[in-house]
Amino acid sequence: MQSRHHLPLVLLALAGCATFAATNRPLPPAPPAYHGRASLTVADDRGDPRTLVCLAISGGGSRAAYFGAMAMARLATCFPDIDLLREVDLITAVSGGTLPAAYYCLSQDPGGWVWARIPGGVDLGALPATLAPRAAWRGERQLLGLHGPVSAAEAAALTAALRRPETAPRLARLVAASRAELRGRRTWSAVTLRRLMQRNYLHRWIGNWFWPGNIARYWLTAYDRSDIMAQTLADNLFDARPFGTDLRYRDLNPERPYLVLNATEATGKVGEARPFGAPFRFTHERFTALGADINRYRVARAVMASASFPAVFNYMTLRDYREEAAAHRRGERGKRYRHLFDGGTSDNLGLTAVKEVIARNHGRFDRIVVISIDAFVHPAGVSPEQADPRPLISRVVDTNLFEAMDSLLQTIRKETLDKFRTATYDGAPVDLADKLTFCHLSFDGLPEGELKARLDTIATNFRLAKGDAAAMDQAVVALVSGANPQIRAVRAALLAGD
């Protein structure tokens, strides 16, 4: 009888180290056309069709997750006449910023309503009795809301009731969103965000180490610390209620913005290429280059790939089916993999992905708005009062590695922001300066004082200390405000299309 208890462990051992190394699945032999929301090619299906709006959320652990989430919530409410968040076409995020970005793109509005800005609106009195109770109009924001799927006859009635016929394409997209069946049913609201983004995911992660199944997989297969954290995030943020099924890219809400999550390549030579250090985008285009199907990939694993900070987490691994096939044609056997780690090491702002999006799409838009939510804090550095600044662990492994990384990332961040503000980065379209409105929301935008000093003490990990959330709430109110000239410029650019 006792041998039966050991059978699962024996089977795991026999499976070999490659078990759990990669979970991405190959593309089917004749894949259908892609209509999902993980792409660098953006359709004009949200907000003003002539304005491309990109939102970039930086890394920074739970600090970035909470600040990013609450800044997004505030974008929706900071003006009485427009919901800025609802105008966003694409969200690109890195590391901790991927938590609110992915959650928003998988979620729905409270009560199951779908909304869109329809300038002029509709004549509600002309709607059929079946639709009138399920249609709502927020005149001050020019928002039309629908509840439940709209039939073809009801859609025709809505179109006939439009006060401005030129808004028919926006209405058509709203009707399509009303018919979408969402699997996750997670709700986007400020109350929910406060609870979810303040959770101590570090403690939950450590607790999950000790599940019997995780112990066996950790020691007998390729299942590692990053896999455990990916499942921790899936169970708390990215699964479908009530059974806890992990959400995949095919479950992204078609009414939400496009989603681009960013990691960094750790793989050495692949064929004739050397991708090490290059950004890796979780997009349909990138997965197709691997011969893989992004629709079936778990969103939590993409989030974790972006947040796999070196020394704390292991690589996240994808199988490279295209390179594997090429190797087999050369007579080489075995599987091929791509290894990824924290996206912040190649771009902690998420703005390099925005550059690619602009390059692909700028010709179809009259105006481009980029909003950067940046949770950067100034590194503490080494105290000038200490003769020997080494902590105890530095007697074995010197921790000045982290100061060196902070210095390098700070320099890269400044150069990236300077070139984006002036639209002078390499490859920028010649007319970008005429089209671009750039809004940078960071703690540096606050006046010097107690609040700013307090924010600089918030560590980069997957937990918040007492008072961290309250300090960031104050920062959000001050920064994402009609008093901020950058926010007013964003509003002006978006209303210009009306």
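The table for this structure:
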{"quantity": "Long-range amide H partners of Phe280 with built H, under 5 Å", "calculated": "Ala263, Thr264, Glu265"}
{"quantity": "20 Å tail of the calculated P(r), the stretch 238-304, as % of Cα pairs", "calculated": "36"}
{"quantity": "Relative contact order (%) - the chain, alpha-carbon pairs under 8 angstrom, separation at least six", "calculated": "23"}
{"quantity": "Alpha carbon centroid spacing (whole Å) that separates the stretch 270-290 from the stretch 471-494", "calculated": "36"}
{"quantity": "The stretch 110-255 - Kirkwood radius from inverse mean 1/r over Cα pairs (Å)", "calculated": "18.3"}
{"quantity": "Solvent-accessible area, 1.4 Å probe, carbon plus sulfur percent, for the chain", "calculated": "57"}
{"quantity": "Relative frequency of Cα-Cα separations exceeding 14 Å in the stretch 276-328, percent", "calculated": "59"}
{"quantity": "At 1.002 mPa s and 20 °C, Stokes D of the stretch 41-105 from Kirkwood alpha-carbon radius, µm² per second", "calculated": "176"}
{"quantity": "Prolate/oblate/rounded call for the stretch 28-71, Cα gyration tensor, a/c under 1.5 rounded", "calculated": "oblate"}
{"quantity": "Per residue value of the accessible surface for the stretch 172-290 (all protein chains in place, 1.4 Å probe), Å²", "calculated": "45"}
{"quantity": "The stretch 39-94, relative contact order in percent, only Cα pairs under 8 angstrom and at least six apart counted", "calculated": "50"}
{"quantity": "Over 21 Å (Cα to Cα) - which of Lys355/Lys414; Lys419/Lys452; Lys355/Lys435; Lys355/Lys419; Lys269/Lys335 fall in this group", "calculated": "Lys419/Lys452"}
{"quantity": "Helix axis angle, 468-479 relative to the chain longest principal axis, alpha carbon, degrees", "calculated": "40"}
{"quantity": "Among 441-448, 272-279, 328-335, 346-353, the order from most to least packed when residues are scored by Cβ within 10 Å on average", "calculated": "346-353, 441-448, 272-279, 328-335"}
{"quantity": "Between helix 61-75 and the chain: long-axis angle, C-alpha atoms, 0 to 90°, nearest 10", "calculated": "0"}
{"quantity": "Whole-Å semi-axes of the stretch 214-268's equivalent ellipsoid (Cα gyration tensor)", "calculated": "25, 19, 8"}
{"quantity": "Interchain or long-range residues, amide H under 5 Å from Tyr258's placed H", "calculated": "Leu90, Ile91"}
{"quantity": "Size of the chain as Cα extents on the principal axes (Å, biggest first)", "calculated": "72, 62, 47"}
{"quantity": "Sum of side-chain charges, Gly343 neighbourhood, beta-carbon under 11 Å (Lys, Arg +1; Asp, Glu -1)", "calculated": "-2"}
{"quantity": "Net dipole in debye of the chain [+1 Lys, Arg Cβ; -1 Asp, Glu Cβ; about Cα centre; nearest 20]", "calculated": "1400"}
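The values are calculated or read from the model by the stated rules, or taken from the named source; none is laboratory data. This one's a predicted model, so the numbers in the text were calculated from it and none came from an experiment. No Cβ is skipped: glycine too gets one built from the backbone with ideal geometry, and neighbour counts run over all protein chains shown. Accessible surface areas use protein heavy atoms only, side chains included; no ligands, DNA or RNA. Shrake-Rupley method; radii C 1.70, N 1.55, O 1.52, S 1.80 Å.
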